[in-house]
């Protein structure tokens with residue numbers, strides 16, 4: 001009799017363990033974005049912000065010495081990012097900023113809610129990130145690191161821009177001094193890069209997490225945001241800039257208190 005009871009308990013425990021294992025596996029698959037652990041290509045949050053998945057990979061950060069318009073601080077070096085991440089497909093809009101912050105600091109506020117928010121300092125952006133994380137109930141949002149930003153901008157390109165090195169093709173991808181009229185424009189109107197990211201060139205400069213520092217000469221893996229340098233990094237160029245400033249490798253910097261109607265940002269979403 002005792003043997004039958006023990007055997008029955010063992011069977012029951014095995015079945016319970018199997019159920020728990022399967023349940024945990026399903027939860028892990030759901031969290032990863034689908035069957036097989038593959039991340040979702042895109043996710044959208046409660047504010048209507050859409051994020052595209054940027055896969056891991058290796059790229060040459062900076063620019064070759066022969067690149068047209070190159071600056072001396074663009075030392076070329078190999079960077080490997082071992083983890084994919086989600087990057088907002090557009091710059092943060094005035095409407096999204098207003099829903100989080102309750103105001104609209106933009107100079108071009110008549111442009112509309114789908115235009116990028118601008119006239120925000122790096123410090124202002126940190127306040128936005130703190131509030132949106134509180135709204136979501138966890139620390140899910142941050143600025144991209146400089147290496148993440150350039151990797152995502154290039155989307156596999158080894159040339160000056162996400163498409164090639166021909167400046168006359170910029171008008172298809174960017175709002176800049178040749179076509180901006182001059183002011184910002186609604187996000188997502190130009191052609192996206194290969195990873196579905198809009199306005200990586202032009203419209204507004206985009207704040208990154210890093211302090212400005214010189215690049216290393218040697219290859220690096222998963223570089224963190226640079227700290228201890230001068231100013232904070234901006235990338236991508238804006239509506240008032242020329243082709244030289246819109247290149248993938250171009251680096252801008254400003255103090256975290258400064259602001260301009262040509263500066264904005266986009267966010268990284270942490271899965």
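The values are calculated or read from the model by the stated rules, or taken from the named source; none is laboratory data. Just so you know, these numbers come straight off a predicted model, no measurement behind them. Virtual Cβ from ideal backbone geometry, glycine too; neighbours counted across all protein chains shown.
Taking the criterion of being assigned to a loop (DSSP other than H, G, I, E, B) and either under 20 Å from the mean Cα position of the chain (by Cα) or without any contact (Cβ under 8 Å) to a residue 12 or more places away in the chain (or both), the residues of region 160-177 that qualify are 160, 161, 162, 163, 164, 166, 174, 175. Only strands (runs of 3 or more DSSP E) whose full extent lies in region 48-105 are considered here, and the ones with at least 2 residues that are in the same structural domain as residue 244 (by TED's automatic domain parsing) and in contact with a helix residue (DSSP H, G or I) (Cβ under 7 Å, 6 or more places away or on another chain) are 57-61, 77-81, 85-88. Looking only at region 136-153, residues that are surrounded by fewer than 23 Cβ atoms within 10 Å (Cβ to Cβ) and closer than 20 Å to residue 242 by Cα come to 0 in all.
Does residue 160 satisfy the criteria of being assigned by TED's automatic domain parsing to the domain that holds residue 180 and at positive phi? When the stated conditions are applied, residue 160 does not pass them. For residue 249, the criteria (1) in contact with a strand residue (DSSP E or B) (Cβ under 6 Å, 6 or more places away or on another chain); (2) surrounded by 18 or more Cβ atoms within 10 Å (Cβ to Cβ) hold in every case but one, which is (1). Taken across region 38-49, residues that are modelled with pLDDT under 95 and within 25 Å of residue 223 (Cβ to Cβ) do occur, with at least one present. Number of residues in region 192-229 that are in a loop (DSSP other than H, G, I, E, B) and without any contact (Cβ under 8 Å) to a residue 24 or more places away in the chain equals 4.
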